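The values are calculated or read from the model by the stated rules, or taken from the named source; none is laboratory data. All figures in this text were calculated on a predicted structure; none of them were measured in a lab. Don't worry about glycine lacking a Cβ; one is built from the backbone with ideal geometry, like all the others, and counts go over all protein chains shown.
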Amino acid sequence: MIQRIRTIVAVGAATVLCAGLAACSSAAPSDGSTVVPGTPVTGGSLTVVIPDAIDGWDPATAMQVSTYQLIREVTAPLLELSPDGTEVVPGLAKSWSYDDSRTKLTLTLADGAAFSDGAPVTPADLVFSVEQWKAGANYGPLYSGIIKSAKASGDSSVVLTLTAPSSALVPILTWSTSAVLPADFGGKSKKEFFAKPVGAGPYAIESEQPGDSITLVRNQHFYAAGQPYLDKLTYRVVADTSQRLVQVASGDAGMADRVPLDSLGTVTGDPQIVKVPSSTISLLIFNHAAAPTSDAHFRRAVSLSIDRAGLISGVYAGDATVATGVLPAVVPGDEGCPTCDWSAFDAPAAKAEAGKSGYSGAPVELLVDSSRGVDLLAAQAIGPMLEAAGIATQIKQVDSATYLTKLAGGDYTMAIGNYAAMAPTPVDPLSFVAATGFLFSGADVTAAGTAIAAVSAAEGTTGQAAAVAPFEKDAYDTTAVAPLLSPAVAAVAGTSVHGLELLPSGLYDAARLWVAPAS
């Protein structure tokens with residue numbers, strides 16, 4: 001039986017969640033003083049169950065959301081985000097400033113910033129890190145296109161010389177890929193270092209069971225005084241959502257990360273749920289190199305077949321909004337395409353478009369990540385919609401690793417995909433679109449590249465929105481992909497964990513998590 005659930009919902013801002021189970025962890029003030037409600041307590045441990053394993057510790061090749069989360073706990077990014085994800089705030093860099101030409105950015109490191117082995121973070125480390133960003137497999141071209149060079153300035157500052165004025169650089173420095181690493185990998189080879197990296201984040205790696213669990217312990221040298229609060233933080237992979245929720249309810253885990261919206265109604269016990277509007281876009285991805293999805297008429301037929309409002313009410317219980325473009329609408333500086341209507345639902349027009357494509361009527365495979373139950377439900381709802389337009393589909397579920405391998409290798413026809421912007425600039429999602437060959441579709445990314453340059457040169461969100469619009473219009477005219485909706489993002493925890501502030505990306509600052517003492 002489903003018991004009472006306390007739910008906290010944020011509209012337009014992140015929500016502070018005070019939740020967790022006393023059975024998962026315990027803590028008490030180190031000085032023996034009385035706990036004041038709401039006052040963070042140092043000590044204790046927390047187990048978080050996550051839906052998928054990380055894909056390595058190298059920020060340059062990270063793809064999974066779990067990887068982005070854990071990387072920033074160990075090898076922190078240079079800057080951080082405000083709780084609502086719209087502003088850049090100090091992190092390992094306590095301040096930053098441009099010169100009058102806006103082509104030189106000076107960053108000053110936080111007082112006492114140190115790696116978990118006790119070595120201080122120096123300008124030399126930051127200069128080395130910048131070179132790693134620029135050489136990165138996924139986003140190296142973006143960093144290289146913005147940053148010309150990095151040079152130490154005094155004992156605590158670094159000056160980045162830019163190729164041109166850029167409004168995107170500071171937000172990008174909040175990415176997990178903007179991690180600060182020790183110079184020359186601390187004397188190790190790159191491979192040796194990333195087997196168990198040492199970083200300046202709030203936690204250090206204690207142990208790892210690949211594909212199963214990772215245990216982190218407090219970085220005693222973390223620059224933020226008093227943080228992190230936890231002694232130990234364990235991430236455990238549990239792909240099945242129902243099992244993750246059972247573990248939270250039983251006290252085997254204190255928090256379930258990234259809980260699908262369709263599963264919130266099955267939550268039992270008396271936990272707290274946090275939901276925030278997300279920077280995620282759920283969309284249909286078409287393989288432009290394979291028939292029938294190589295034909296624009298067919299892609300348009302698919303898009304016109306889908307009742308997005310129906311998906312939201314029937315699959316997402318209303319916890320989503322219709323996508324206004326390929327980029328997430330919550331990202332500052334993105335207003336989509338004013339003349340584009342992705343919500344258009346017209347079955348007769350869809351059938352006519354399918355006819356123009358020469359579609360044979362054979363079932364079209366629809367690839368789904370099996371770790372995302374809500375995507376399976378969406379695929380099951382989309383099937384009859386496409387059938388009404390004369391398009392037959394066949395759902396194929398695969399595990400997360402296989403799903404990504406198939407997308408990257410072009411071994412699919414259609415797929416339901418999801419991606420999230422991590423930084424408050426349109427350059428973030430545009431860069432992901434460009435770096436992944438238009439979300440692995442193989443569609444032309446020229447307009448994305450043009451938009452990246454235009455957004456970087458623009459000042460203010462109005463100018464950035466004008467720079468994004470041509471990209472969105474081109475994507476709409478060609479139906480490069482079919483954006484569906486932007487779902488909320490949710491986490492579930494019990495009653496003794498406090499300090500969780502979900503960002504629109506679904507990430508959070510684990511340095512702020514703490515557990516109340518058992519009563």
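Observations, loosely collected:
- Meets criteria (part of a strand (DSSP E or B) and either modelled with pLDDT under 95 or farther than 23 Å from V41 by Cα (or both)) for R236: yes
- Unmet criterion (only one of (1) surrounded by fewer than 19 Cβ atoms within 10 Å (Cβ to Cβ); (2) in contact with a Leu (Cβ under 8 Å, 6 or more places away or on another chain); (3) not aromatic (F, W, Y)) for L216: (1)
- Given (1) under 30 Å from P424 (Cβ atoms); (2) within 21 Å of the chain's Cα centre (by Cα); (3) at pLDDT 95 or above, index of the condition S157 fails: (2)
- The residues listed here are S370, S343; of these, the one that is modelled with pLDDT under 95 and under 29 Å from T241 (Cα atoms) is S370.
- Among the residues of region 304-325, those identified as assigned to a helix (DSSP H, G or I) and of a type in the set (A, V, I, L, M, F, W, C) are L304, A309, L311, I312.
- The set of residues in region 389-435 that are small (G, A, S), in a loop (DSSP other than H, G, I, E, B) and crowded, with 17+ Cβ neighbours inside 10 Å comprises A389, A421, A423.
- Matching residues in region 286-323 - criterion: being under 23 Å from E365 (Cβ atoms), polar (S, T, N, Q) and buried (at least 17 other Cβ atoms within 10 Å of the Cβ): N287, T293, S303, S305
- Among the residues of region 375-402, those that are more than 24 Å from A301 (Cβ to Cβ) and under 20 Å from the mean Cα position of the chain (by Cα) comprise D399, S400, A401, T402.
- Any hit, region 484-503, residues being outside any strand (DSSP E or B) and closer than 17 Å to P332 by Cβ: yes
- Subset of region 62-95 (residues that are in contact with a Ser or Thr (Cβ under 9 Å, 6 or more places away or on another chain) and farther than 25 Å from V330 by Cα): V74, T75, A93, K94, S95
- For V364: the one exception among (1) touching a residue at least 24 places away in the same chain (Cβ under 8 Å); (2) within 30 Å of G265 (Cα to Cα); (3) of a type in the set (V, I, T): (2)
- Residues being without any contact (Cβ under 8 Å) to a residue 40 or more places away in the chain and either within 25 Å of the chain's Cα centre (by Cα) or assigned to a loop (DSSP other than H, G, I, E, B) (or both) are entirely absent from region 177-184.
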